[in-house]
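Report on the structure given below.
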């Protein structure tokens, strides 16, 4: 019997093509290339501690999404990019878009890096999902494809002043008349934005702001700033800084034997256990504020316990505010991409703008509802305090896990 090999091969090809077509018509992805999504954070340099924590949060969200089928059957491939400075932020964003052909980008931690990177993505029509950068002016440029899940810097200013006026001043019997306030901040977009809002609120409240001291986060000496605080007899310090400069300020205050009645942090370095380990017990009692915290009441933050367990299992370390805020933001944006009609920029924008998630639906305690400028309007700041080496949420009451405790 003669077998027609060519005919058999042809029939097999037709059969396979028919099977593939049936799969595709049924909504399945056959041999589809993964969906590339960029993740640009400072993985080296001064902000590496923060950037690494942010990246881990995004990475975990992507890993979990892939375990559940990716984006409608297409696996997500996370393309990592390091942005230690603004020049690298620009060049790496260009690489992600032109060479890696990413469909969207997660970033960025530092506001200055975000401010440099986001115009590149906007011009290219690539949605940029900002999960941590806080400067208010990031969303004031009328961009169409920039979306921020986290709170803006002005919210840090409002929340830190709320902590001062409602918690700190009453405890120490400070009044607008006897409080001598100093606002000291690192001078990037983040620190400047927080300080600007603090000064605005302080003036309206009639507080006596004696000193305003901006400085570079890269500084290695804050002794002159500490001398000004001491000579001006400051009893309330409002400080917004990153990790290294926060540690430096405390060490040089100790060297100068300057101890204000109260110090209120504006997030940043004050939310890190690395800062607590460096400063020690002297940080206990310090009140600060931030856009997220792991040690909050999980009843007001859906999925927080599951996130914490998964993070510790994967990375063998405790998650931080920056890892949970990045995780929650990335998770919500991935959900939006699943709902988008396609990976077209306008379809993704429509999906993000249609999100309507209630407060408490995220692991951060947030909800999700976006304004036209791309800012999530359902964020919630947390006032927290260092107590016996642990950072505890003390306000709002719905998320609090501890009562305020001061070391008098």
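Key figures
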{"read-out": "Residue list for the stretch 286-301, filter: assigned to a loop (DSSP other than H, G, I, E, B) and surrounded by fewer than 18 Cβ atoms within 10 Å (Cβ to Cβ)", "value": "297"}
{"read-out": "Single match in 72, 101 (criterion: farther than 27 Å from residue 186 by Cα, in contact with a strand residue (DSSP E or B) (Cβ under 8 Å, 6 or more places away or on another chain) and in the same structural domain as residue 340 (by TED's automatic domain parsing))", "value": "101"}
{"read-out": "Filter result for the condition that a residue is over 28 Å from residue 304 (Cα atoms) and either modelled with pLDDT under 95 or part of a helix (DSSP H, G or I) (or both), over 102, 62, 120", "value": "120"}
{"read-out": "Single condition residue 163 does not satisfy, out of (1) touching a residue at least 60 places away in the same chain (Cβ under 8 Å); (2) more than 30 Å from residue 201 (Cβ to Cβ)", "value": "(2)"}
{"read-out": "Lone qualifier among 356, 295 - being more than 13 Å from the chain's Cα centre (by Cα) and more than 30 Å from residue 122 (Cα to Cα)", "value": "295"}
{"read-out": "Residue match in the stretch 139-147 (condition: free of Cβ contacts under 8 Å to residues at least 60 places away in the same chain, out of contact with any strand residue (DSSP E or B) (no Cβ under 9 Å at 6 or more places or on another chain) and either over 21 Å from residue 268 (Cα atoms) or assigned by TED's automatic domain parsing to the domain that holds residue 58 (or both))", "value": "yes"}
{"read-out": "For residue 189: the one exception among (1) under 28 Å from residue 113 (Cα atoms); (2) at pLDDT 95 or above", "value": "(2)"}
{"read-out": "Residue ranges of strands (runs of 3 or more DSSP E) in the stretch 151-242 with at least 1 members surrounded by 22 or more Cβ atoms within 10 Å (Cβ to Cβ)", "value": "180-186, 236-240"}
{"read-out": "Residue 69 vs. criteria at negative phi, surrounded by 11 or more Cβ atoms within 10 Å (Cβ to Cβ) and modelled with pLDDT of 95 or more", "value": "no"}
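Matching residues to (1) touching a strand residue (DSSP E or B) at 6+ places or on another chain (Cβ under 6 Å); (2) without any contact (Cβ under 8 Å) to a residue 60 or more places away in the chain:
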site: 216; (1), (2): no, yes
site: 220; (1), (2): no, yes
site: 238; (1), (2): yes, no
site: 244; (1), (2): no, no
site: 281; (1), (2): no, no
site: 289; (1), (2): yes, no
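The values are calculated or read from the model by the stated rules, or taken from the named source; none is laboratory data. Keep in mind that this is a model prediction, so the values were computed, not measured. Quick reminder, even Gly has a Cβ in these numbers, built from the backbone with ideal geometry, and neighbours come from all protein chains shown.
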